[in-house]
Amino acid sequence: MAFEEVFKNYGYNLEHNFGHRENHLCELLLSLNLLAFLFHTVLDLVNYSYQKVRELLVTRASFFNDMRTLLKFIWFKDWSDFFSFILREYVPFKKANSS
């Protein structure tokens, strides 16, 4: 199965997100996505802090949403400080009973 099919099947909609009539834009952005996935896979295999943060923020969606929110409002010196902040300050959100 081609990478484009995998991305299309999992909701990445390359043509929609990366433009229809741009000659090489789609290929460039697909390559950058693959590179990002590679780095996240390597971090998941070798970086203890990254592994612990991924355990805390169970789904990829929550992981990236929380990262995006924190980085929007707080400046961190480097990724180590960022991961340490999450590990130190994480408080699980408990849903209140609505009944």
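A Förster radius of 25 Å, combined with the Cβ-Cβ distance separating T59 from V91, puts the computed FRET efficiency at roughly 0.90. Taking Cβ atoms as reference points and 15 Å as the exclusive limit, the residues near K52 contribute a net charge of -3, counting Lys and Arg as +1 and Asp and Glu as -1. If you take all other residues with their beta carbon under 12 Å from the beta carbon of R88, and give Lys and Arg +1 and Asp and Glu -1, the sum is -1. Per residue, the stretch 27-74 exposes 71 Å² of solvent-accessible protein surface, assessed with a 1.4 angstrom probe and all protein chains in place.
The values are calculated or read from the model by the stated rules, or taken from the named source; none is laboratory data. The shown structure was predicted, so the numbers you read here are calculated from the model rather than taken from an experiment. FYI the Cβ positions are ideal-geometry reconstructions off the backbone, even for glycines, and counts take in every protein chain you see. Keep in mind that these areas ignore ligands, DNA and RNA; they rest on the heavy atoms of the full protein, side chains included. Shrake-Rupley method; radii C 1.70, N 1.55, O 1.52, S 1.80 Å.
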